[in-house]
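Nothing in this text is a laboratory measurement; each read-out follows from the coordinates by a stated rule. Keep in mind the model is a prediction, meaning the values are calculated, not measured. FYI the Cβ positions are ideal-geometry reconstructions off the backbone, even for glycines, and counts take in every protein chain you see.
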């Protein structure tokens, strides 16, 4: 890796590809030219390559800001598997470990440092990063910086601090979905020297969008999955429903599993791997699933419930058909969905006093004194918290989100932190202890053999791998560690796998909280616009692709493949009959141009009146072109 390495050489060396996907090369060239760039690539468009390749072409480190711990960890693991040095800092990592990582980034040859945006609020992180040789700043999920974005996160506003420290270092902002307002807002908030948008069309001709108005959704889901073969994702808003639906599918001999954020890291990894390797055909999940997962042959994505926004739906539906083969995105919808979404809207902004009550309870929960806690992270489990204080889960969750929006706290997804072990006694004392306590000998010897430095500092221990190495049950291993800790032989910190709550500011008196009511009003209005848009998508009889792409400011023609384009709405004719007759007319006109009369007279006399109406409809809708009296089919795909 030198400052003159060519992008294609790097791509071949580390990824084994001979060429870039559409727009990747242009984005990389802009970054290497030092231009601030906003890359708008659809789901599966290969965003990470756009900052990884140019970083490897040059000297220096890339700072990658990402809100998703799981995605950070996956990308770090993928880079390391290619012998590329990468590190990540996120909530729950010890201060000593953070210190070690920052030192390695300054003095070592680390190429990528992944950080959560919350970390940029700390003077320590900014000071240490300012001492690094930074060549690029990459902002993943960049729509989060915009109040117009569907997943606005105030912590993203801290990224501008990096621009002050590194005014000459280019910024590459990446996202899969953004409206025109969001595009402008991202570039303004990140203080682009010049606006520079590189956008791939959102149009997916291989993806057929379908909305099915259905009361018995589970029955319809079975029909869809029995009709459409191949791998699939089923999205639902409830963790409980993921379990129930997966059980129903298995009952009907469809290999299925469930997935949600409440599972342990090991459980999620196993379920994800089984699905990716096609041992599981269907994964039933909340929106916790899919981000950063590269599975090109997903044939069907089904939404059992309405998402909160067009952006969320477009991203999730877009996980189907990344291999460009024909695939389907189905939304099952009924009147109850609209009612539920309206109810969620009303519950999303609890009264001010309820927000103060939740904040006060948090301080008591963690026994924090007023003025303390800034920068500290704690395990957080919503159900335990609401049970302790007799709160209702949904209003409590929404109160916490408002506190997060106003910058008081942040709540991360489940984070897996390995156990830590350090031998506290001298080698002589340890030798004497093991002579009297033989059952611990195999464990201590394994630690010293597998993990270097356990006498000097706490080492990260993967208890699952270590238990397999020793052919011991993992629970027994953890129990032995606990016992050794009580004997004062080792220092032991158990592994964690819980969401983390971080205080971004010192704890205040709840009555003194300053809430940004102007921003809350704006966010509430934006939420209303979002749910109105997704309801319109489900209910309007307009080409689905036109609706979706117009939302993002892109003009396209009707797709010809969605349920609206394929349905026929002619008086006195069912949709099924209309589609059958339309296809017959299509076959005729694809062979040759015919007059209106010739088409009509090719049908039975009893059907001709319907054909006259159908021809009028097909001409009005643009399926058929007319030249004098000659009729031709307008587009073979319609």
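For this structure, a couple of remarks:
- Share, in percent, of DSSP beta bridges within the range 170-301 that are antiparallel, nearest 5: 0 percent
- Neighbour counts of other Cβ atoms within 10 Å put 429, 182, 514, 211 in the fewest-to-most order 514, 429, 211, 182.
- For the range 158-282, the spread of Cα positions along the three principal axes, ordered from largest to smallest, is 59, 36, 27 Å.
- Each listed q (0.11, 0.18, 0.20, 0.22 Å⁻¹) maps to a log10 I(q)/I(0) for the range 483-598, found by the Debye formula over equal Cα scatterers with no solvent: -0.73, -1.11, -1.18, -1.25.
- Here the relative contact order of the range 567-633, from alpha carbon pairs under 8 Å that lie six or more residues apart, stands at 35 percent.
- The range 567-633: translational diffusion in µm²/s, Stokes-Einstein, Kirkwood Rh over Cα pairs, 20 °C, 1.002 mPa s: 182 µm²/s
- Helix 69-81 and the longest principal axis of the Cα set of the chain meet at an angle near 80°.
- Potential extension, residue 181-residue 487 segment - 0.36 nm per residue separation minus Cα distance: 104.0 nm
- Estimated FRET transfer efficiency when R0 is 41 angstrom, pair residue 188-residue 94 (beta carbons, to 0.05): 0.65
- Residues listed by number, the range 9-45, amide nitrogen under 16 Å from residue 168 label point at 7 Å toward C-beta: 32-36
- Residue separation of residue 6 and residue 199 scaled by 0.36 nm, minus their Cα-Cα distance, works out to 67.2 nm of gained length.
- Estimated distance in nm for a label pair at residue 569 and residue 130, the labels positioned 7 Å out from Cα along Cα-to-Cβ: 6.1 nm
- Seen against the Cα atoms of the chain and their longest principal axis, helix 352-365 is set at about 40 degrees.
- Taking a ≥ b ≥ c as the square roots of the eigenvalues of the Cα gyration tensor, the range 317-373 is classed as oblate, since a/c reaches at least 1.5 and a/b does not exceed b/c.
- What the Cα convex hull of the range 45-123 gives, in volume per residue, is 103 Å³.
- Extending 7 Å from the Cα toward the beta-carbon at both residue 520 and residue 592 defines two label points whose distance is 7.3 nm.
- Centre-to-centre, using Cα atoms only, the range 262-305 and the range 564-638 are separated by 42 Å.
- Our summary gives the chain a relative contact order of 12 percent, counting only alpha carbon pairs under 8 angstrom and 6 or more residues apart.
- Ranked 491, 333, 156, criterion: other C-beta atoms within 10 Å, fewest first: 491, 333, 156
- In range of the label at residue 554: residues from the range 47-68 whose backbone nitrogen is under 19 Å from the point 7 Å along Cα→Cβ: 47-50
- The distance from the alpha carbon centre of the range 313-346 to that of the range 510-546 is 17 Å, rounded to a whole number.
- Per-bin percent of Cα-Cα distances, the chain [10 Å]: 3, 13, 21, 24, 19, 10, 5, 3, 1, 0, 0
- Share of pairwise Cα-Cα distances greater than 27 Å in the range 7-199 is 22 percent (whole percent).
- Residue separation of residue 161 and residue 334 scaled by 0.36 nm, minus their Cα-Cα distance, works out to 57.6 nm of gained length.
- Likely footprinting exposure, 608, 356, fewest C-beta neighbours within 10 Å first: 608, 356
- Convex hull volume per residue in cubic angstrom - Cα atoms of the range 419-494: 77 Å³
- Calculated P(r) of the range 235-299 - Cα pairs past 15 Å, %: 48 percent
- Residues of the range 570-585 with amide N under 19 Å of a point placed 7 Å along Cα→Cβ from residue 601: 585
- Shown is the FRET efficiency for residue 579 and residue 325, computed with R0 = 25 Å from the Cβ-Cβ distance and rounded to the nearest 0.05: 0.60.
- Fraction of beta bridges assigned by DSSP in the chain that are antiparallel (%, nearest 5): 35 percent
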